[in-house]
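Okay, here's the structure, questions in a sec.
Coordinate-derived values only; no laboratory data. In this text, all values refer to a predicted model and were calculated from it rather than measured experimentally. Positions of Cβ are generated from backbone atoms using ideal geometry, with glycine treated the same way; all protein chains shown enter the neighbour counts.
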Amino acid sequence: MHGGNSERKVWIAVLVGAAVIALASARPHAGGWNDGSRLATVESLVDRHTLAIDDSMFVKVASVETSPYESAILRDPRRPPSMLGTFDKLWIDGHWYSDKSPVPALLMALLYQLLQWATGLTASLHPQAFCYLMTVLSSGAAYVAAVAGIDHIATRLRLPLRLRLAVTASFALGTLALVYTRYVNNHVLLLGVTVALLACHLHLVEACLVEARRPRFGLLVALGSLAGFAYTIDLGVGPPLWLGSVLLAAWRTRSWKALALILLASLPWLAAHHAVNYATGGTFKPANAVPEYLAWPHSPFRTNLTGQWNHASVGGFASYALQLLIGKKGFLGHNLPLLLALPAGIYLLRRRSPYWPEVLYCLGAGGGVWLVYAAGSSNYAGACCSIRWFVPLVGLGYFVLILFLRAAPGAAADFGILSAGGIVLMLSAWPEGPWRLTVVPAHWPVLGLTLVAWGCYRWRVGRVRRGAVRDRDSVPMARAA
C-alpha cells in the first residue's frame with residue numbers, strides 16, 4: 001500500500017510539473033504562418049461557421065504580438081506589402097483555406113466554442129487570451145499527455161524510480177517536445193497521440209503475452225481510435241503509424257474480431273478527414289498537395305511543394321535524407337538521447353526481446369516516415385527548429401530507449417550524458433520557440449561537447465573492460481607458473 005501511495009505521488013508530481021511547463025511555455029500570439037493558419041480555421045469555424053479563412057484576423061494581420069520569426073518575415077524586402085498574414089493557405093474557388101489538416105482544427109474549434117459559451121471569449125475581441133488558451137489546450141495538453149505517457153510506460157516496464165524519473169525528465173526537457181509547446185502545432189499534438197498509442201500497445205502485450213487473456217474491449221477501441229486520430233493529424237506521419245499499429249495489434253492478438261474492432265474504431269476518424277478534405281478541395285489526397293491551390297500570386301510554395309519526388313538524382317536524395325538526421329537542422333542532433341535509439345533497437349532485436357515486435361514497429365514506422373519526407377520534400381521542413389515533421393518520432397525513440405535501459409541498465413550513464421546535453425540545447429532553443437529562421441545558437445557547441453564527453457566515457461569504460469580481461473587471463477597463467 002505504501003508503494004502504491006509513493007507511485008501515485010510521483011505520478012501527480014510528473015503531471016503537475018508538465019502542466020507548469022506547458023502553462024509557462026504557451027505564448028499569447030501567433031508565432032508564424034504555421035500556427036496562424038491553424039488558428040484562422042478555428043476562429044472562422046466558430047465565429048463565422050465556415051472553413052474559409054478569408055475574414056480571419058490571422059489572414060489580415062500577421063500576429064497580435066509580433067514574434068522574432070514574424071519580425072524577420074515582415075522585414076523581408078521580398079514580402080508583398082499587401083500580405084501581412086499567414087502564407088500557409090490555399091486558394092480554392094475564390095476563397096482562402098488553411099493548408100493544415102482539418103480534423104485537429106475541428107476539435108480545437110469545439111474547445112473554442114465551449115470557452116465562448118462559458119466565458120464570452122471571442123478571438124477578435126480577446127486575441128491574446130484566444131491564442132494563449134488555444135495553445136495551452138492543444139499543444140500544452142498534448143505535451144502533458146506525452147510526458148505522463150512516457151512516465152507511465154517506464155513505470156509499467158518497471159524501471160527503477162530514479163531511472164524512470166531521469167527518462168521522464170530527459171523526454172520533457174531534453175527533446176523537441178519542450179520547444180514545440182510554445183505555439184499551436186500538429187507536431188507536438190501527434191507526439192502526444194503517439195505516446196498514448198504506444199502505451200496502448202504495451203497494455204496489449206501485457207494482456208496477450210503476460211496475462212494470456214483476451215484484451216479488453218475498451219483497450220482495442222482506444223487503440224483503434226488513437227491510430228485513426230494519428231492518421232488525420234499529419235498525412236506524412238499518421239498513415240505509417242496507423243498501418244503499423246493495425247499490423248502490430250493483429251500480430252499480438254491473432255484475432256480477426258479484435259482486428260475488426262480496431263479498424264472500426266479508427267474508421268470514423270479516417271472518414272471525417274477525407275470527407276472534410278473532399279468537401280473543401282474536391283480531392284481525397286491532401287488539398288495542400290494540389291499545385292493549383294498553391295499557385296496564387298506571390299505564393300512561396302509554387303516551386304516548393306511537399307508530397308512529390310523533389311530530387312534531381314538518387315545521390316541528391318541520399319544526401320538530403322542524411323542531412324535530415326545529422327545536418328545543421330538534423331533531427332538526431334536536436335534530440336541527443338535518440339543517438340542511442342538505433343543501437344538500442346538493434347541490441348533488442350538481436351537479443352530477441354519479448355517486445356521485439358514493438359521495437360520493430362518503432363524502427364519501421366520511424367524509418368518509413370523519414371523516407372517519406374526525404375523523398376517528398378526539399379526544404380528541411382521550412383523555418384522551424386530542426387525537422388518539425390519528425391517531432392512525433394521522439395515518442396517512438398523513447399519507447400525503444402526505455403526497453404533498452406530495462407534490458408541493459410549499465411547504459412544509464414550513456415543515456416545520462418546525452419540527456420544532459422539535450423537539456424542544455426533545448427533550454428537554449430526554448431525562448432524563441434519552434435518557428436525560427438536560424439539554427440539554434442548553442443547547437444554546434446553543445447553537440448560537440450556532448451559527443452566528446454560521451455566518447456571519453458566510452459573510451460574509459462572500454463579501457464576498464466580491457467584491463468579486467470587482461471587480469472582475468474593472467475590468473476590461469478600465474479597458477480600454471
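Once the dipole of the chain is set up with Lys and Arg at +1 and Asp and Glu at -1 on Cβ about the Cα centre, which of 269, 394, 283 lies farthest towards its positive end?
Farthest along the dipole direction, towards plus: 394.
Which residues does the label zone of residue 427 cover in region 173-196, counting backbone N under 20 Å from a point 7 Å along Cα→Cβ?
Only 173-182 pass the distance filter.
Sticking with this structure for a sec: If the chain between residue 113 and residue 95 were fully stretched, how many nm would it gain, using 0.36 nm times the residue separation less the Cα-Cα distance?
4.1 nm
Counting every Cα pair in the chain, what percent are over 45 Å apart?
13 percent
Once every DSSP H run of n ≥ 4 in the chain is given -39500 (n - 2.57) and the sum is divided by its residues, what mean residue ellipticity at 222 nm do you get, rounded to the nearest 500 deg cm²/dmol?
-21000 deg cm²/dmol, from helical runs alone.
As a test of the definition: which semi-axes, in Å, follow for region 77-199 when you take the square root of five times each eigenvalue of its alpha carbon gyration tensor? Largest first, please.
Those come to 34, 18, 14 Å.
Still on this model: What is the spread of the Cα atoms of region 228-324 along each of their three principal axes, largest first, in whole Å?
Extents along the principal axes: 51, 37, 15 Å.
Spelling out what I want: for every residue of region 357-363, take phi, set θ = phi - 60°, compute 6.51 cos²θ - 1.76 cosθ + 1.60 (Karplus), and round to whole Hz; glycine and proline get x.
x, 5, 4, 4, 4, 4, 5
Let me ask something additional. What's the FRET efficiency of residue 444 with residue 122 using the Cβ-Cβ distance as r and R₀ = 45 Å, to the nearest 0.05?
0.50
Considering only 419, 136, 434, whose Cα is most displaced toward the positive end of the charge dipole of the chain, charges sitting on Cβ of Lys, Arg (+1) and Asp, Glu (-1)?
Of the listed residues, the answer is 419.
How large is the charge dipole for region 2-441, taken about the Cα centre, if only the Cβ atoms of Lys, Arg (+1) and Asp, Glu (-1) carry charge, to the nearest 20 debye?
With only Lys, Arg, Asp and Glu charged at Cβ, the dipole is about 1240 debye.
For region 164-300, with only Lys/Arg (+1) and Asp/Glu (-1) charged at the beta-carbon, what is the dipole magnitude about the Cα centre, in debye rounded to 20?
460 debye
Moving on to the next point. Specify which residue in the list 114, 359, 233 is farthest towards the positive end of the charge dipole of the chain, using unit charges on the beta carbon of Lys, Arg (+1) and Asp, Glu (-1), about the Cα centre.
Most positive-ward Cα: 359.
Next question. Mean shadow of region 196-261, computed from the convex hull of its alpha carbons, in nm²?
If I average the Cα hull's projected area over directions, I get 3.9 nm².
Any of 89/285; 89/329; 9/329 with alpha carbons more than 28 Å apart? Name them for me.
Violating the 28 Å Cα-Cα cut-off are 9/329.
How large is the charge dipole for region 222-358, taken about the Cα centre, if only the Cβ atoms of Lys, Arg (+1) and Asp, Glu (-1) carry charge, to the nearest 20 debye?
Dipole magnitude for region 222-358 comes out near 500 debye.
Can you pull the one-decimal nm distance between simple spin-label points at residue 296 and residue 251, each 7 Å off the Cα toward Cβ?
For residue 296 paired with residue 251, the spin-label model returns 4.5 nm.
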